[in-house]
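Below is one structure, written out as structure tokens; the observations come after it.
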Amino acid sequence: MHWCFERETHPIPYQRNMAHRCIDNGADIIYGHHPHVLQGYEVYKNKHIFYSLGNFIFPEYGILKNYDQDRKETVMVTMQYHHSECKIKAIIPVTLKNNQQLDEETNPSSILKKLQQRSEGLTLSSKDYENFYHQNRLRHDLPVLKSGGYWDQIQLWWWHYKKRLCYIILKTLSFLGVKQSIKRLLFWLKRILF
């Protein structure tokens, strides 16, 4: 599944609800990606959900000189499917370097500990997980999506376009020559939006 916000170390509540619905409707295993960091893992109704396996193949390594360790550490998962049952054969910790080369100096215990820590909140009920996510998310500038309904879509749209909207309003007012109004508007926009 391609989901979640980049660099967020815990799945958003909507993502967790969607994973559970996928399993309720017949999925045997879910591998997630997009945050570019390792996220937690849970077993739901004896089915495995890996919310994000991290950054396994991504060309940023060669571009960014200060590529942080969190984006370099990931896991590979091997599964065995037998008689309509998926079982984990191995979770292999990996550190990547220089454009997807495996780093020989991988510290498997620290990566597995990180996976375990990021999985801790996933044993909570949906409501308790929402509170956990609010307390532990990294990116407080992003909306918290819960159900995937219309309200979530409005929040996501607003988050995406609010800075553009402010820019358009300010440019329009400055074009009209209303400098004092711009100062007042800036003051209130900062308080309301940011």
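Specify the residue that is nearest to residue 34 (Cα to Cα); the eligible residues are those in segment 60-91 that are in contact with a Ser or Thr (Cβ under 7 Å, 6 or more places away or on another chain) and modelled with pLDDT of 80 or more.
73
Does residue 115 satisfy being at pLDDT below 85, open to solvent by less than 40 Å² (accessible area, probe 1.4 Å) and among the hydrophobic types (A, V, I, L, M, F, W, C)?
no
Residue check: is residue 131 modelled with pLDDT under 90, more than 16 Å from the chain's Cα centre (by Cα), under 30 Å from residue 162 (Cβ atoms) and assigned to a loop (DSSP other than H, G, I, E, B)?
Considered against the rule, which asks whether it is modelled with pLDDT under 90, more than 16 Å from the chain's Cα centre (by Cα), under 30 Å from residue 162 (Cβ atoms) and assigned to a loop (DSSP other than H, G, I, E, B), residue 131 comes out as no.
Only one of 141, 152 is open to solvent by 50 Å² or more (accessible area, probe 1.4 Å), modelled with pLDDT under 70, on the phi < 0 side of the Ramachandran plot and not hydrophobic (A, V, I, L, M, F, W, C); which?
Numbers: 152 fails: open to solvent by 50 Å² or more (accessible area, probe 1.4 Å).
Result of the check over 141, 152: 141.
Look at segment 37-52 and say how many of its residues are surrounded by fewer than 19 Cβ atoms within 10 Å (Cβ to Cβ) and assigned to a loop (DSSP other than H, G, I, E, B).
Residues that pass the stated criteria total 2.
Determine whether residue 180 is modelled with pLDDT under 75, among the polar types (S, T, N, Q), surrounded by 15 or more Cβ atoms within 10 Å (Cβ to Cβ) and in a helix (DSSP H, G or I).
no
Which residues, counting only those in segment 1-21, are open to solvent by less than 40 Å² (accessible area, probe 1.4 Å), hydrophobic (A, V, I, L, M, F, W, C) and farther than 22 Å from residue 70 by Cα?
Result: 19, single match.
Count, please, the residues in segment 1-60 that happen to be farther than 18 Å from residue 129 by Cα and hydroxyl-bearing (Ser, Thr, Tyr).
1
The values are calculated or read from the model by the stated rules, or taken from the named source; none is laboratory data. Keep in mind that what you see is a predicted model, and the values were worked out from it rather than measured. Cβ sites come from the backbone with ideal geometry, for glycine too, and all protein chains shown count toward neighbours. Just the protein is used for accessible areas: all its heavy atoms, side chains included, with ligands, DNA and RNA removed. Shrake-Rupley method; radii C 1.70, N 1.55, O 1.52, S 1.80 Å.
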